[in-house]
Structure formats: structure tokens, C-alpha cells
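Working notes, beginning with the structure itself.
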Amino acid sequence: MRLGILTGGGDAPGLNAAIRAVARRAISDGGEVLGVRNGWAGLVEPGGLRPMDRHEVSGILAVGGTILGTSRVNPLSDAEAMSSVISHFQEAGLDALVTLGGDDTLSVARALADRGLPVVGVPKTMDNDLQLTEYCIGFDSAVAIVTEALDRLHTTAAAHHRVMVVEVMGRDTGWVAVMGGLAGGADMIVIPEFPVGLDDIVTHLRTRRQRGRDFSIVVVAEGASIAGLTDGGEGGGPRDAFGHILLSRRGVGPQLADQIEAETGFESRVTVLGYTQRGGAPTAYDRIWATRVGSAGYDLVREGRFGQIPVKRGDQVAIAQLSEVAAGQRQVPEELYRLAQVFY
Ligand code: F6P
């Protein structure tokens, strides 16, 4: 069996653990493994596949990023690119392809499976918002980084009696903001699922001061809308190949800190955690989950169950259809959002 492995979209800690699991299982079964370079770019362009032996997938369990490289190249945007993917897939003689990615990468995997190609998926996004599954590779590591940052920001915010706005990742959902905020004791959390206005934020911060709390930590997800602040909408800024606006340039955190200071007179600062949330070593949880789900992805290949994807349901690995990828984002439940509010 010739098995391809591809990682697409934003990187996430734990991807290498999953690559290792898929490759080691395949090599133990006597299979041949080919790594696809840089996401779908490695199949759109010629020469994007390279053989991987056991040595190459050793020592990568604890390493962040992806040894295969990644990109946001989107062959679905162009029929010619899609036929290049299919012909390079066939020329390479692949018996199967395991694609590790979020909704964008998996939407391409699904389109290939719909055309009869032997493709399976593995869910990865530190945003943790794939509808298919209760967990995605990279989320726990991102939450750990946000938690540590909030712990550090608490001491400096307290020393200077400041409002600290902390912008974290989360385009459509606030999983990283809410779980990081719960773990790090945020004093207010602003996420796309539960919109608030600038007035609500300012009123809350004034109330905290009146209660004698002379510093506050506000966690805001990069994709949150705040009435009175982001009313101009997403704007016409640069977009990636899947049509998503580059939120790193949107600057909701810096704008919020400026407006809080302007309206309250409380000295305010912003910290944009940005790509630190996706970098570095995976947590133990991500290493273990990525190993389980990567191995389960290989099981799907072995059983010929293409167009499918291993997911988390409870503490078990369950199987879903790649066709369910487009079903929308999995949102933060109100219960978790309200729980965080208890500590505001
Ligand atoms: O991986 C998901 C994500 O982290 C989003 O939250 C974020 O908007 C996006 O990736 C930004 O990544 P990039 O700048 O690499 O496209």
C-alpha cells in the first residue's frame, strides 16, 4: 500500500504526533508512506510528494508545527487546480491519502472523496470548532498558552492597576477565549457567539472599579463583533484563499483597549497572543489524542472506509462522514459562557 499524508490550513501543536501515528502504523504493516509537502499545494504542483521512512517520523512526537509543511492553498477555487490534484494523486500511485486539517482542508478532502478518490480525514484546528467532533488537535495546547499568558498578565495588571485586553484566536467561535479565560480567571470574555456592545464592556469595568477591583483582564476572540466598536463590519482587508479575512490585521484587541481607555480613563494595554497560540510543543493531551486519532485514521484506510473521519465523542474515538464537515461550526454552549461570568 502507498499511503499519502497531508497537513493543510493553520498549523497546530500535535500535528506531528498524528503524522507519526499514521506513518508508524503504515510502516509496521509493510506499507510505503509519502509525505505531501505544504498542504494542497503539494498536490497542485508537481514534485510535491516525498517518501518518508521510520527514521523521519522518529523524534517528532514533542515537536510543534508540521514536518510536512502546510499552506492555505485551495484547489476548490479553480477547476484546473483540482484536476492537477487528481492527476498528481493518481500519478503518485497513492492507494490512500490521510488529510489532517480543519474545515477548509477537509472540504477539499471531501470533494476528492466525492469524486471517488480514497481519502480519509483527521480533525485538526486549535479553534476547536469543527461540527464533527468534540475535540480537534491543537486546542489543549492553545488553551495552555492562553492560561499561562493570563497568569502572567494578572501580576503586571495588578501592579499597574490597568485594564489588560488580551486578544486570542477564534474566527467564528470563542472556544480558546472561554476555556483559556476560565482557566486563567478572566474578568470578562468577549466571543462571537454572545455579542456585547462597547457600552456593556465599559459599564462592567466601571462596576469592577467601584467594587474595589483596580485592574481587569478582558479576553476577546479575534472574530468577535462589538457594537459601537466594530460596526464597520469585516472591511475590505486582505483574505486568504478560502475567502477568510486575515483577522490578525483586523485588530479588535488594540481597538478595544484604546476605546476602553478613551471612555473610562482607566489606563489600558493590549496583548495580542497571535501565533504564539499555535507554536511550540504540544501538551500531553494533544500528543495522546493526536496519536489516537491518527491511528484511527489509519484504521479507516486499512478497512477501506474512505470519505470518513475519526472524531471524539465522549472519551471515545467515533467515526463520522467527511460530508458532515460543511454542517457549520460547533459553538461554545451558553452554560460555559455563563459559568465564566460568575467570576467577573
Ligand atoms: O488555525 C485557525 C486560525 O488560528 C484562526 O483562528 C485564525 O484566524 C487563522 O488561523 C489565522 O491563521 P493564518 O494567518 O495562518 O491564516
Q) Under the classification rounded if a/c is under 1.5, otherwise prolate if a/b is larger than b/c and oblate if not, where does the stretch 141-279 fall, given a ≥ b ≥ c as square roots of the Cα gyration tensor eigenvalues? A) oblate
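Give me the net charge of SER58's neighbourhood, meaning all other residues with Cβ under 11 Å from the Cβ of SER58; Lys, Arg count +1, Asp, Glu -1. Walk me through the numbers on the way to the answer.
On the way: positive: ARG20, ARG24, ARG54; negative: ASP53, GLU56.
That works out to +1.
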Q | Neighbour net charge for CYS136 - beta-carbon separation under 15 angstrom, K R +1, D E -1 | A | -2
Q. Counting alpha carbon pairs within less than 8 Å and at least 6 residues apart, what relative contact order, in whole percent, applies to the stretch 141-279?
A. 34 percent
Q) With the Cα gyration tensor of the stretch 24-158 giving a ≥ b ≥ c as the square roots of its eigenvalues, does the rule (a/c under 1.5 for rounded; else a/b larger than b/c for prolate; else oblate) give rounded, prolate or oblate? A) prolate
**Q.** For the stretch 280-344: rounded, prolate or oblate by the Cα gyration tensor [a/c cutoff 1.5]
**A.** oblate
Q) Per-residue HN-Hα couplings for the stretch 98-113, Karplus 6.51 cos²θ - 1.76 cosθ + 1.60 at θ = phi - 60°, whole Hz, x for Gly and Pro? A) 9, 10, 9, x, x, 4, 5, 4, 6, 5, 6, 4, 5, 4, 5, 4
Q. Which residue, ASP53, ASP214, ASP200, tops the fluctuation ranking in a GNM of the chain built on C-alpha contacts under 10 Å?
A. ASP200
Q. In terms of modelled amide H atoms, which long-range or inter-chain residues lie less than 5 Å from the amide H of LYS312?
A. GLU134, TYR135, ALA318
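Can you give the % of DSSP beta bridges in the chain that are antiparallel, to the nearest 5? Don't skip to the end; give the middle numbers.
Working: 12 of 43 bridges.
Antiparallel bridges: around 30 percent, rounded to the nearest 5.
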Q: Run the quick spin-label model on PHE343 and ALA227: label points 7 Å from Cα toward the beta carbon, then report their separation in nm to one decimal.
A: 2.8 nm
(Q) Compute a Gaussian network model of the chain, connecting alpha carbons closer than 10 Å, and tell me which residue from GLY294, GLY180, GLY279 fluctuates the most. (A) GLY279
Q.
Defining a contact as two alpha carbons under 8 Å apart and six or more residues distant in sequence, what relative contact order in percent does the chain show?
A. 24 percent
**Q.** Spin-label pair HIS160/ARG249, simplified geometry with 7 Å Cα→Cβ offset, distance in nm
**A.** 2.8 nm
Q. In whole percent, what relative contact order does the stretch 279-344 give with Cα contacts below 8 Å and a gap of six or more residues?
A. 18 percent
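What full-extension length gain, to one decimal in nm, is calculated for ALA284 and GLU32 as 0.36 nm per residue of separation minus the Cα-Cα distance?
Going from the current span to full extension adds 87.9 nm.
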Q: In a Gaussian network model over the chain where Cα atoms closer than 10 Å are linked, find which of GLY121, GLY30, GLY14 has the largest mean-square fluctuation.
A: GLY30
**Q.** Where only C-alpha atoms are counted, convex hull volume of the chain per residue in Å³
**A.** 121 Å³
Q.
Students often check this: by mean Cβ neighbours within 10 Å, which of 336-344, 269-277 ranks highest, and how do the rest follow?
A. 269-277, 336-344
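For ARG50 and THR207, what does the FRET efficiency come to when R0 = 41 Å and r is the distance between their Cβ atoms, rounded to the nearest 0.05? Show your work: numbers first, answer last.
Values: r = 58 Å, r/R0 = 1.43.
About 0.10, to the nearest 0.05.
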**Q.** Euclidean distance of C-alpha centroids, the stretch 128-183 and the stretch 47-85, integer Å
**A.** 28 Å
Q) Under a point spin-label approximation (7 Å from Cα along Cα-to-Cβ), what is the GLU267-ASP200 distance to one decimal in nm? A) 3.0 nm
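None of the figures in this text is laboratory data; all of them are computed from the coordinates on show. None of the values given here were measured: they were computed from a predicted structure. FYI the Cβ positions are ideal-geometry reconstructions off the backbone, even for glycines, and counts take in every protein chain you see.
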